[in-house]
Amino acid sequence: MLEGGTGSGGEKEFACGKFASNKHPKKGHKYHITATPEGEVFAMDWTATCTFAGETSEFKVE
């Protein structure tokens with residue numbers, strides 16, 4: 001489980017971070033990601049594949 005990240009991007013590709021060095025997501029793995037944008041009421045809900053793993057990681061929604 002990944003927790004506590006903040007992110008930016010669009011509906012199909014986005015980046016999230018900062019992840020501790022021992023808690024990076026795994027490139028190629030799928031993650032179920034939910035987020036509620038600041039000032040919004042409804043959560044966004046995605047299944048996305050990690051395309052770059054690091055302190056700030058990138059994800060692509062399928």
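Here is how the numbers come out for the structure above:
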quantity	calculated
Rg over Rh, two decimals, the chain (C-alpha only, Kirkwood Rh)	0.94
Residue among ALA35, ALA15, ALA43 with the largest mean-square fluctuation in a Gaussian network model of the chain, springs linking Cα atoms under 10 Å	ALA43
Accessible surface of GLU55 - all protein chains present, 1.4 Å probe, nearest 10 Å²	100
Pair THR6, HIS32: separation of 7 Å Cα→Cβ label points (nm)	2.6
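The values are calculated or read from the model by the stated rules, or taken from the named source; none is laboratory data. Just so we're clear, the structure is a prediction, and the values are computed from it rather than from any experiment. Because the Cβ atoms are built from the backbone with ideal geometry, glycine has one as well, and the counts that use them run over all protein chains shown. What goes into the accessible areas is simple: the full protein's heavy atoms, side chains included, and nothing from ligands, DNA or RNA. Shrake-Rupley method; radii C 1.70, N 1.55, O 1.52, S 1.80 Å.
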